[in-house]
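Taken together, the values in this text are just the output of simple stated rules run on the coordinates, not laboratory data. Since the structure is predicted, the reported quantities are computational estimates derived from the model, not experimental observations. Quick reminder, even Gly has a Cβ in these numbers, built from the backbone with ideal geometry, and neighbours come from all protein chains shown.
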Amino acid sequence: MAHPTTLDYAKTLRAAARALEQHHARVRDTKLEPGLGAQLQLGPLLRSTFSIAETLMDELTAMSTSTAFTNTTGSRQSLNTLASALASVTDAAAELGFAIGENAHPGKTHGNLPNPADNTVWEALCDQALPRMEEHLHDAAHRQSAGPAKPVPRAFLDGPRIRFQHRTHEVTP
């Protein structure tokens, strides 16, 4: 089996950037309705966020352990960018989890608490939960839009024009 080339890694970085942008748009454009609806909206977002984090971690590990990649000029910046993107995604996952935690959940209460089966109580719980949930959702989108602290070197984003100098493994646009 052939080892990935630096061009393969560049394609991976571009694909990761596209996936992050698409996921950010999904999180940003989500309109919540407290209760089961919010749980059904946030659950898939949280799972996809974890999936993106897993993919980023796998790619970071693969690139970090590839001497063909780490011997390429600009690889350290690319690895730093990927690690920063991973941190942003995990922060976003935490915010989505907090939003689920703030949600108004149905069910019987314990003790002297109001019964959520009463429509008035349920609406009050939803009214209280919605602003807190929206704040966490906004924070999740912001953490993803803030993106990596360091930009990916241009050579890794330019695509097919990347070529290598013999023996030095330097990337030249």
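Output needed for region 1-134: three equivalent-ellipsoid semi-axes, defined as square roots of 5 times the C-alpha gyration tensor eigenvalues, in descending order, whole Å.
43, 12, 11
At 0.36 nm per residue, and after removing the present C-alpha to C-alpha distance, how many nm does the segment from Leu7 to Thr120 gain when stretched out fully?
Going from the current span to full extension adds 34.7 nm.
Does region 12-64 classify as rounded, prolate or oblate by the C-alpha gyration tensor (a ≥ b ≥ c root eigenvalues; a/c under 1.5 gives rounded; else a/b over b/c gives prolate, otherwise oblate)?
oblate
Within 10 Å, count the other beta carbons around each residue, average over each peptide in 19-32, 75-88, and list them highest first.
By packing density, highest mean first, the sequence is 75-88, 19-32.
How much length is gained if the chain between Leu113 and Thr65 is pulled fully straight, taking 0.36 nm per residue apart and subtracting their Cα-Cα distance, in nm to one decimal?
My answer for the length gained is 11.8 nm.
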